[in-house]
């Protein structure tokens, strides 16, 4: 009897539910009635809560598909493909395997920070896509709480304003003083974590963090000593070849190569390593210096601690100081060189000349050589 009404409750089918178990369930139900609880409604509430919890286990990668079907089907197919491509390239490696309920502001920041400064337009679009997906997931009952991809009062406090990025007002990344580079490298070489090895490879190749973190074994030809980065992973959307110095090849041979793992430098979860991993290595190195009472690895121009991206500036300064050709150094950094016409007629990326330069850079990093290349002018006599 519940509230003056006689009700029946099933205890489960026999023989799956034994007589002893059925008696225990009956006693539990009677105890709830005595406490003023309707065991039937209580069971319905528990099932509803379980269903709600299951609904909130929707993975972000699956939410993307559902969001595109729900909100993007009125757009041209080409536009839908572009949206999916942007999300797949930048967001899915970082948060694709997370439940939409578990995604935090830090997760969103990690997903967009790599493209936020390099490709401002793409970064802003990606943030709006993530906000739309998570908003849809909230209304659809798959998550609750504030939207971690919201800009105002949220990501605005963590990322530079789009207007600053577009106009180049963020400023140069703090770089190592050339005099400090060999000592910094020696300290870095004492660390054997995957993040430290990725940072060493980035320094040896003067590459962007994202290019290194996304590097796969099939992009690397160890025998030829060449790392070919596809256009889809390059800032300029153009394939880039990196000549690997002997030091870079030796480093790659030290990296553990795991079965069924295409990434050269995967995270501990097997996914693409976060940009924060490389930054943390440098922060830890700086903190160690400061605790020892030393200034650490400071950019002499800004007075700020050097960061991974600043290593490219250090390389550029070294190339200029040692007399290497400007265009060759700019090509090594995967920058655009010359006018559109000049680029159209240039049919070489100076790979072998850059190989010698990167070998000299590796020697400088490791402290083997600090010499300066001196170029003498070529004089042509009147008779010639």
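Computed from the coordinates by the stated procedures, all read-outs in this text should not be read as laboratory data. Not measured: the values here are computed from a predicted model. Note that we place each Cβ from the backbone using ideal geometry, even for glycine, and neighbour counts take in every protein chain shown.
Couple of notes before you dig in:
- Whole-Å semi-axes of the ellipsoid equivalent to region 60-166 (Cα gyration tensor, √5λ, descending): 20, 17, 12
- Gyration tensor analysis over the Cα atoms of the chain returns equivalent ellipsoid semi-axes of 57, 24, 20 Å (largest first, whole Å).
- Relative to the dominant Cα principal axis of the chain, helix 120-139 is inclined by about 10°.
- Once C-alpha pairs closer than 8 Å and six or more residues apart are averaged by separation and normalised to the residue number of region 60-166, the relative contact order reads 27 percent.
- Most mobile of 203, 20, 215 in a GNM of the chain (Cα contacts under 10 Å): 20
- Calculated FRET value between residue 6 and residue 104, using beta carbons and R₀ = 41 Å, to 0.05: 0.25
- Highest mean packing first, where packing is the average number of other Cβ atoms within 10 Å per residue, the peptides 23-32, 294-303 line up as 294-303, 23-32.
- Principal-axis tilt of helix 194-205 within the chain, Cα atoms, nearest 10 degrees: 30 degrees
- With eigenvalues of the C-alpha gyration tensor scaled by 5 and rooted, region 1-133, Å: 51, 15, 14
- Zone residues, region 291-335, relative to residue 186, backbone N less than 18 Å from point 7 Å out along Cα-to-Cβ: 292-298
- Gain in span if fully extended, residue 152 to residue 40, counting 0.36 nm per residue against the direct Cα distance: 35.7 nm
- In this rough spin-label picture, where each label sits 7 Å from Cα along the Cβ direction, the residue 320-residue 30 distance is 8.9 nm.
- Two-site FRET efficiency, residue 348 against residue 144, from Cβ-Cβ distance with R₀ of 56 Å, rounded to 0.05: 0.45
- Principal-axis tilt of helix 105-116 within the chain, Cα atoms, nearest 10 degrees: 30 degrees
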